[in-house]
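The values are calculated or read from the model by the stated rules, or taken from the named source; none is laboratory data. What you see is a predicted model; the values in this text were computed from it and never measured. Cβ placement follows ideal geometry from the backbone for every residue including glycine, while neighbour counts extend to all protein chains displayed.
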Amino acid sequence: MNFGDPLKYLESVAEDFFATNICVYETANILLKDERFNFWSGSSLPHQHHYGTRGLVQHTAETVNLCLSIGMKYEWEGISYPVLFLASLFHDSGKMYDYECVNGFWQGTEHKRMIHHISRSGIYWNDAVKTVPDAYEMYFEQVLHCILSHHTSRIQGSPVAPKSREAWILTLCDNISARINDADTNDLLKNK
Ligand SMILES: [Fe+2]
Ligand SMILES: [Fe+2]
């Protein structure tokens, strides 16, 4: 999926909220201005999806784009665009604690084993949205639910399964971004 620069794409989506819903713009910018976000890997192993520098921002841009596209198709169902955007933007923010770059190679951290990015993304979201009272009041719990359920089931690491429409859209679109990237990076497929 090609957006040009993935960070610029995400910034442009956030700016679309500036005139109509400034608290969404302000909350989004907390992550968008975190310097780690534009640098971090999306995984700790080369065969896992979105491995490597800037993998996280690329995966996030793909997931946001897919979520908003699907949300648009179901517009009449009353799906919340702010919830979809904020949930897809923050869903993997905790990965900035799960991986580290050592001598040019990305690897897993102790945090990944002890806390894991799903919980950390919820904490990161909590810390960010608390600084924007309007967003906290309107979106805190709906977005937290989407973040915590984005791995679909307890067996796949989520403490709760998706219950809302936005949460289902996020987990499915997250999977599309990840699996399409798997197809692109899978050596077995490449060698066929
Ligand atoms: Fe995730
Ligand atoms: Fe993800």
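Below is a table of values for the structure above.
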quantity	calculated
Residue check for E110: among the charged types (D, E, K, R) and under 23 Å from C146 (Cβ atoms)	no
Residue among H91, H151, H116 that is out of contact with any Lys or Arg (no Cβ under 8 Å at 6 or more places or on another chain) and within 15 Å of L31 (Cα to Cα)	H91
Residue match in region 43-65 (condition: at positive phi and more than 14 Å from ligand 2 (Cβ to nearest atom))	yes
Selected residue (criterion: farthest from ligand 2 (Cβ to nearest atom)) from residues of region 149-173 that are buried (at least 24 other Cβ atoms within 10 Å of the Cβ) and not β-branched (V, I, T)	E166
Criterion (within 26 Å of K8 (Cα to Cα), away from ligand 1 (no atom under 13 Å from the Cβ), in contact with a Leu (Cβ under 8 Å, 6 or more places away or on another chain) and at pLDDT below 95) met by exactly one of A128, A183, A135	A183
Of all residues in region 124-139 being of a type in the set (S, T, Y) and surrounded by 14 or more Cβ atoms within 10 Å (Cβ to Cβ), the one that is farthest from P82 (Cα to Cα)	Y124
Residues satisfying the stated conditions in region 96-115, i.e. among the charged types (D, E, K, R) and within 14 Å of ligand 1 (Cβ to nearest atom)	D98, K112
Identity of the residue in region 41-95, more than 15 Å from ligand 1 (Cβ to nearest atom) and over 26 Å from Q142 (Cβ atoms), that ends up nearest to the chain's Cα centre (by Cα)	R54
Pairs, first over 9 Å from C146 (Cβ atoms) in region 158-169, second part of a helix (DSSP H, G or I) and aliphatic (A, V, I, L, M), C-beta under 8 Å, six or more apart	S158/I118; S158/L148; P159/I118; P159/L148; V160/L148
